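The values are calculated or read from the model by the stated rules, or taken from the named source; none is laboratory data. In this text, all values refer to a predicted model and were calculated from it rather than measured experimentally. So basically every Cβ, Gly included, is an ideal-geometry build from the backbone, and we count neighbours across all protein chains shown.
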């Protein structure tokens, strides 16, 4: 829930956040130059897009909203894991699909390999959190039967 909520809230001010990230990465000498260059390109594109076509950011606003709504969805398993086990299954399926999207759409959109791997990690880490919760819900379901 927290990860989805945080992803949603932080998707609204992307241009500002990315500007801060680029400035911080410029100061840190251990951040690979290729990563800093990529962040700078993305930030420049966001600045240009927001200046010339601000309506495109509306799509990101809806993405942020979807993250917030999905965070609310996971309140169900927190309150009643057996009855809402389907939400955990849904989450695991979504986590499995994250690498598929990153590895298929990433090359089409010109996303660097290391960034695609970062994107894939969100699915992996999400599954690492959801899998134990799913197992607990299954165990509770078996014990109550």
Being more than 17 Å from residue 2 (Cβ to Cβ), in contact with a helix residue (DSSP H, G or I) (Cβ under 7 Å, 6 or more places away or on another chain) and part of a helix (DSSP H, G or I) narrows it down to one of 140, 103, 68, so name that one.
-> 103
Would you point out which residue out of 109, 79, 52 is at pLDDT 95 or above and either in contact with a strand residue (DSSP E or B) (Cβ under 6 Å, 6 or more places away or on another chain) or over 29 Å from residue 13 (Cβ atoms) (or both)?
-> 79
Does residue 76 count as part of a helix (DSSP H, G or I) and either loosely packed, with under 12 Cβ neighbours inside 10 Å or touching a residue at least 24 places away in the same chain (Cβ under 8 Å) (or both)?
-> no
Does residue 55 qualify as being closer than 21 Å to residue 123 by Cβ and either loosely packed, with under 12 Cβ neighbours inside 10 Å or assigned by TED's automatic domain parsing to the domain that holds residue 94 (or both)?
-> no
Within region 22-29, can one find any residue that is in contact (Cβ under 8 Å) with a residue 24 or more places away in the chain, within 20 Å of the chain's Cα centre (by Cα), surrounded by 14 or more Cβ atoms within 10 Å (Cβ to Cβ) and in a helix (DSSP H, G or I)?
-> no
Scan 129, 124, 42 and give me the residue that is touching a residue at least 60 places away in the same chain (Cβ under 8 Å) and part of a helix (DSSP H, G or I).
-> 129
Here are some residues: 43, 29. Which one is outside the structural domain of residue 127 (by TED's automatic domain parsing) and in contact with a helix residue (DSSP H, G or I) (Cβ under 8 Å, 6 or more places away or on another chain)?
-> 43
